[in-house]
Structures are given as C-alpha cells and as structure tokens.
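The values are calculated or read from the model by the stated rules, or taken from the named source; none is laboratory data. Small disclaimer: the values here were computed from a predicted structure and weren't measured. When we count neighbours, we look across all protein chains shown, and the Cβ atoms used for this are built from the backbone with ideal geometry, even at glycine.
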Amino acid sequence: MDSSTASILTEVFFETIGYWYIIVPTIFLGLIVGGIPGFSAANTIIILMPLTLALDLQSGLVFMISLYCAARMGAGIPAILVNIPGTAGAAATPLDGYPMAKQGKGQQALAISFVASCIGGLLTTVVALAAMPILARVGFYMHSVEMIVVMLFGISLIASIAAQDMVKGLIAGFLGLMIGSIGTDVVYATPRGTFGFLELYDGVPLIPALVGLFAVSEAFVIIEKRVIVNHDNEPKAPNWTDTFDGVRIALKRWVHIVWTSIIGLVIGVIPGAGASIASFVAYQQSRSFSKTPELYGTGHPEGLIAPEAANNGVTSGTLVPLLVLGIPGGATAAIMLVVMQFHGVSFGPSLFENQPKVGYGMFMAMAVSYVIMFLTILPLSRYMSHVTTIPTIYLAPMIIAFTLVGGFVPREYMFDMYLALAFGVLGYVARRTGYHVAAILIGVILGPLLEKYFLWSLKKSDGDIMVLFSSTLGNILWVAFAMSIILPIVFNMRRKRKLEVPAE
Amino acid sequence: MKPMITRRTLLGTGAAATALTLATPGLVRANTFPERNINVYVPTSEGGGADRNFRAFSSVWKEKLGTDFEPGFYPGASGRVGYEIYMGKADPDCYNLIFGNMGPEVLNWAMQAPSFDVNDYFYFGQVDKDPCCLFVGAESPLQTMDDIISAAKSRRLNVGTSRMAHPASIGLLALGDKLGIDFNLIPLQGGKGTVAGAVTGEVDFSVLTSGSVIAAGDSVKTLLVFGDNIVGEALDNAPSINDAYDMDLPEMLSARAFGIHRKAAEDHPDRFEILTTTFKETFDDPALMEAYVANNGTPEYLQYAGVEECEAFKQSMLELGERYKSLLSGA
C-alpha cells in the first residue's frame, strides 16, 4: 500500500466515523428488515430509493452499506430463535442455531452468531480491500464448470445428513432436488412440473419454500409444547454470563471464523453466486473437517459459526466485482450500482483512479458498520433470547402470520402465501415421520443452481460430458471435493480404531 | 291569487331536481376521465429498468392526465406472468394499462402462445427504444469483428444472451446467416449475467440491449449495433450491422411501451383518446427528459411512437419470432 492510498484510507475512515448518526439507526433498521422473512436490504433500498437518491453520495453509500451488513446479520436472529431464516443466506443458520435455542442457549447462540458475523465481516472487508485486484480475478476463472463442483460441495451436505438415516435422508434430498427442478428450463424456457401455475414458471420461489419448510412447520410442532425451550432447559433470568460465554466460545474458534468467512468471501466475488451457496458450502466444509462431525445439527457452535461467518464474508465479496469490474455480485449490489450511477459514479477499472474515495469509502463504511454493529447489538442478545420463552399459543400464530406475509412480500402473489403453507405442511409431515427438512431445502435451493451451471456447461460444449473435466481449476476442485468426501471417512475410521485400542 | 308553487309543481320540480342530481355525477363522469388512479401492470420486478423507466415517465404524465399511476409488479416467466394477469384479471375500462417491452416480451408469444389472443391487447405509446448490440469484455482476446470472424473459422464460438427469445439473439443469428457462421447462443439469464459472462470469459462475447452495455462502462467494448448507433462514443462508435455487412435487418430493439386491452379502447374511445393525447403531450414537456436522465436513461433513446408504429413493431417481432422459432426454442 503506498502512502497516498494510506492517507486516503485514513481520511475516509474518519469521514465514515462522522456518519455515526446514519449508521446507528440504519443498523437497527437493517436488523429489523433482515429479521422479517421476505424483506431484505435489496427491497428496503428499493422502497427507500427516493430517500437514498436525495442523500448526497457519501451519506447514501454509508446508508446502503450499513443496511446491507445489518440485514445480513439480522436474518440470523429469527433463524436461531424461532427457526425462521429471514433470507436464503441464513438457511443454514438454524441447523445448529435453533437446537441451541431449544436447549435454552438462545442468548449464547446469538452472541456466537454476532461475533462470527462481525469478525467474519470485518476480516473479509480488510482482506477484500487488501487483495482486491487478485480477488477481482476469481470471477475470470470460476466459470460454469468450476461452479458445478462448488454446488456439489453444498449438495453433498445431503449425504452428511443422510448419514443419520441413509434412506430417509436421500429421499428427502431427492425430493428437494425434484422440487428445485420445477419451472422453465435454463436454455429453452420449456416449462416443467408447473402444474399449469404461471407463478411456478420461474421455479419454486425461495422465500415461501424457506419459511414454509422451516418456520411454518416448526410453528405446527411447537404448538404442541408450552414454550420453544425444552422443559428441562428453562432459561435463566437475564444475565450477562451467557453473552460472555457466547463471545468466549466464538473467539476460541477464531480459526474457524477466519476459514469459513474466507470461503464466503471467495464465493461472494463470483458474480451470480450468493450467500445461500456460501453458507451451505461453509457448513459442509466445517463439518467435513471437524473432529466432532456427529455433533453437527445438535446445537454445535461450529455449525452456527460457519454459515454466519460465511454469509457475512459474501457481503464484502459482492463489492469486489461491483467496484473493480462494474458487475454487481448480487441483488443488493445491483441496486447500489443504480444509485451510484445516479450520482455520476462510473464503475469499472477506472474507479479507483478517478474516484478513489468512493471505492475505498464503501469498504470503510462496511468495516465501520461491523464495528459499531458489534458494540450496539451484542448487549441486546440478552433480551432477544427471551423470545423463546413466549408461550407458543401466542408465538406460533405470530410465526405463521409473519412468515406468510414474508412469503408474500418478494413477489406480492397470494399464490406464494399458499405455497408457504403447503411447504409448511410438507415440512410438518417430514418432521413427524423423521425426514430432515434441511435435506429437502438444500435440494430446493442448490438444485436449480447446479442444473443451471450444468446445462450451461453442456450447451457450451455441444453436449460433451467431458467438459466437466476440461479445466485445470475445475480438476483441482474435483480432487478437493473428492478429498472432502473421503478424508472425513478416513479420519472417522482412524478415530474409531484409536478408541478401540484401549478397550483391548 | 293562484299560488306560485302548487303541490303538483313542487313534487314535479323535486322529482326533476332529484333525477338531475342523481344523473349529474354520471354526466360529469363521462367527461372527467380519469376520476381515479390508473393501475399499471408491470411484468418485471420492482427496482429494475422498467420500474425506473415507468416512474420517470409517469411522474410527468400524471400532471397531464390529472391523476396518479399505481404500479403493480408481476414478474416471472420473461414477462408472461404479468401479461397473463393483466389480460385475465384486469377490467378493460382504460383504468388498467400494461407497461411492457415490445421486443423480448412479444417475441415470447411466438415461442409459446399465451392463453389469450395476442391481438386482444395493443401498445399505444412507446416511451423509449434501445437497439441491441454485440460486445466483448475489455480483456477478451477478440477485440474486433475480424477477430471474431477469424476465431469462428477454427471453433464454434459461445455467445452470451439474456435469453434465447430475445431480439439480440435474432440479430446474432441473422449475422451468422450472413457470414455463414454457426454461433452457439448461451442464455445467461438477464442483462447482469450477460455482461458478466462476456467480461469474465464465461462466453466468447455477448449480445444485449445497448442501455445495459452502456451502463457496464469500461468493462466492455461494443463492436456492432443491431440498429442505428445514435449514441456514438457511448457504444464505442460501433457501426450498424446493416452498414458493416450490407444487410437489410430491421432494428433489433428493446422498446418499452404502454399497452391496453383492445376492448377498453373500443368500448371507451373518449377515455382512450384522453390517454393517447396526454401521452403525446408528455413528450412535448422538457420535464420528461430531465426525469428520464435522472433515472439513468440514455437521452437519445427517449423516443415517441404511437399506435401504428407500435403495432408494426409488435407484428415484426411476431414474424421474426416465427422465422427463428426452431433455433430459439429448440423445437
């Protein structure tokens, strides 16, 4: 870093701090919209577009970035406390977050999530800033063939889940993949499995599927209990101990945070890839190389850290192609592009030469937002966790009402509310019969993406299947994928053998 | 003296007054269209290009018409969902309009017929038109049309497009016909993906509407325009396909326009007249250009077209769609 860049960064840092009066209220707004299913930073910026355009460039930037970061973190709160992932990016969060809440460790889980999110977000912001020219090149190498392998990393989670009950796990995953294939095909837009519903032409909408499978079905289940928290795990009176415990647990696993947030960053810089892919891949990687893979899904802190650190890593990652190449990495970045073009900012390679303060300012706004967010939200975990003690006769109807509205919001179709309800019934039946809803959901979310990249690859190669092994990076990823499947089995066998030795 | 007002005259006058009072709103209503907001069905997502374009135009049009516009967004299936809902559920009373794209959305009907008769609606006012173009990523090894033609001799080139049934795809296929090149179209699902595909090398180059290409800035370089290049430098002074290759291809355009049920225009000619007159007046107001540019529009693309031009455009898209159907739909 040369001295001029350092002086710009210092100047931008102090300027950004000066916008605390925008950042703090925006953080709370972001946490709220992130927490409500169906709402997101993207549609909030759209709704508030007149306000955003009326602000000067710097204020508008700070507002959008703070909202983006806070919404990402906010989505994890209901995912942990009531099993409602606010966005697809938080879909992997309840896998271990919600079991913790049910064990009366909601406050601890929130603290872990906040620490993982903030450190993951902050760290990846710094890395993105430092390695921007290199990271911007990732998209030049990660094409459809390579993305197929990345998708398989995430989808292989189905196999991990199936390990607990092979037949049921695979049936659930296969059902999810089948549901994911509903809609028009990627190449010729031929409708498949839409049952004549126009609303399904673009595939099964993610939010209704997400809230239906997780939240609505959970509401049906918890109504049979008095409170979410298991009877033998009644939460204690409000105290700071659980929060500090959560912070300590998370900080102790700092390597895990670093590792999984970098996964998020790398996936985030690939145009078109998103937080949902990153969080599942991070969870899968975390589980594969864990010494205690059997604890995943039961309320294991590492299973919560991985998706939260990764989806916040994506947040900074999406800025890289936007700023360096002028290609928005996701929906929120696309809207940022519109707002900034309104202010006359032109993106692309010349941005850091012509308007360096804009480019660096965005990353600085992100870093400052994470720091302020950490300080403002951590104390709240103590109060938020008490959602889990609200009697279910009040909580369950509220969850259903909120989630149905959430299902409606993204496209504003009544159909989507019915769909959320239908997925709720499917999820309830799955839970009651021992099928894992997460396996269904992974298929629904990642199946269409896998199909997209697969069909693109085949179309590009005129149907030659060997295209899957045609790139060097792709082949390296294939080997890594094979290793991530085989090595945990080998490690597991070795562990078992070691345990058996003393018994002899 | 005979009283001035008898019981009979009082009752008669009262009845007449009552009848007049009751009838007045109806009489006035007939002459005061619109008396409530106009609903506009937008077949794409909120916050996208169509939304911005609609907001810019309606912000000025509402002043001429004396009422506000209420947009409803019905995205899905390349616009098909919005049109189906408009034609199936909206009353044909001139209070319901559709704001669509006469290029790709009409091309859809040729690929797969909708549930309604495509002649049951028509476009009456074009807001802007945006020619499609061919472009490469800034770092692509193919930097000229000659590079592309030369590379196409040794291998089949992959070309990104927003979707198969798109005017830009037709422009490329027509170019391939002319040059004897078999291009491989890869639908990259939307403008963002199409630009990214060319920039990152997922495909050899891409074709898209030029407004999105201009927005991509220095990351891309335009080599050919499937229409007239009226923005010059903004599209790297790329030549028109007809000039460069001595062709006679109609302009391949994305053209946003307001449409209406044919029945509404036939049943309520007075209302339709008010709509078309005020629509035209909007173009005469300099405030429109300001609003259009403020919403990221390319000033040169803001171009009026009325019922006849829009109908000709729609029919030409349907004909082109039929001609290239087998290549674009895989049928």
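Here are the numbers:
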item: Residue A:195 being more than 10 Å from chain B (Cβ to nearest Cβ), closer than 17 Å to residue A:418 by Cβ and of a type in the set (Phe, Trp, Tyr); result: yes
item: Identity of the residue in region B:101-151, part of a strand (DSSP E or B) and over 16 Å from the mean Cα position of the chain (by Cα), that ends up nearest to the other protein chains (Cβ to nearest Cβ); result: B:137
item: Matching option when the condition is at pLDDT 90 or above and either on the phi < 0 side of the Ramachandran plot or more than 14 Å from every other protein chain (Cβ to nearest Cβ) (or both), among A:134, A:182; result: A:182
item: Residue satisfying all of: in region A:353-375; in a helix (DSSP H, G or I) and free of Cβ contacts under 8 Å to residues at least 40 places away in the same chain; nearest to residue A:23 (Cα to Cα) among these; result: A:375
item: Any hit, region B:164-185, residues being assigned to a loop (DSSP other than H, G, I, E, B) and of a type in the set (Ser, Thr, Tyr); result: no
item: Any hit, region B:218-228, residues being under 26 Å from residue A:334 (Cβ atoms), of a type outside the set (A, V, I, L, M) and in a strand (DSSP E or B); result: yes
item: Filter result (farther than 22 Å from residue B:229 by Cβ and either within 14 Å of chain A (Cβ to nearest Cβ) or buried (at least 18 other Cβ atoms within 10 Å of the Cβ) (or both)) within region B:284-308; result: B:288, B:290, B:291, B:294, B:295
item: Subset of region B:78-94 (residues that are part of a helix (DSSP H, G or I) and more than 10 Å from chain A (Cβ to nearest Cβ)); result: B:79, B:86, B:87, B:89
item: Matching residues in region A:187-225 - criterion: being crowded, with 18+ Cβ neighbours inside 10 Å, touching a strand residue (DSSP E or B) at 6+ places or on another chain (Cβ under 9 Å) and under 17 Å from residue A:443 (Cα atoms); result: A:200, A:202, A:203, A:204
item: Exclusive hit being closer than 17 Å to residue B:107 by Cβ and either within 14 Å of another protein chain (Cβ to nearest Cβ) or among the basic types (Lys, Arg) (or both), set B:209, B:194; result: B:194
item: Hits in region A:313-346 (condition: small (Gly, Ala, Ser) and more than 7 Å from chain B (Cβ to nearest Cβ)); result: A:313, A:316, A:317, A:329, A:330, A:331, A:333, A:344
item: Odd one out for residue B:50, checked against (1) in the same structural domain as residue B:303 (by TED's automatic domain parsing); (2) surrounded by 20 or more Cβ atoms within 10 Å (Cβ to Cβ); (3) over 16 Å from the mean Cα position of the chain (by Cα); result: (3)
item: Lone qualifier among A:48, A:55, A:61, A:9 - being free of Cβ contacts under 8 Å to residues at least 60 places away in the same chain and away from chain B (no Cβ under 14 Å); result: A:55
item: Residue match in region B:101-121 (condition: surrounded by 17 or more Cβ atoms within 10 Å (Cβ to Cβ) and hydroxyl-bearing (Ser, Thr, Tyr)); result: yes
item: Tally, over region B:152-184, of residues that are in contact (Cβ under 8 Å) with a residue 60 or more places away in the chain, surrounded by 19 or more Cβ atoms within 10 Å (Cβ to Cβ) and either aliphatic (A, V, I, L, M) or more than 8 Å from every other protein chain (Cβ to nearest Cβ) (or both); result: 11
item: Selected residue (only one of A:449, A:477 is in contact with a helix residue (DSSP H, G or I) (Cβ under 7 Å, 6 or more places away or on another chain) and within 30 Å of residue A:79 (Cα to Cα)); result: A:449
item: Residue check, residue A:121 part of a helix (DSSP H, G or I) and at pLDDT 90 or above; result: yes
item: Qualifying position, being in contact (Cβ under 8 Å) with a residue 60 or more places away in the chain and part of a helix (DSSP H, G or I), among A:95, A:29; result: A:95
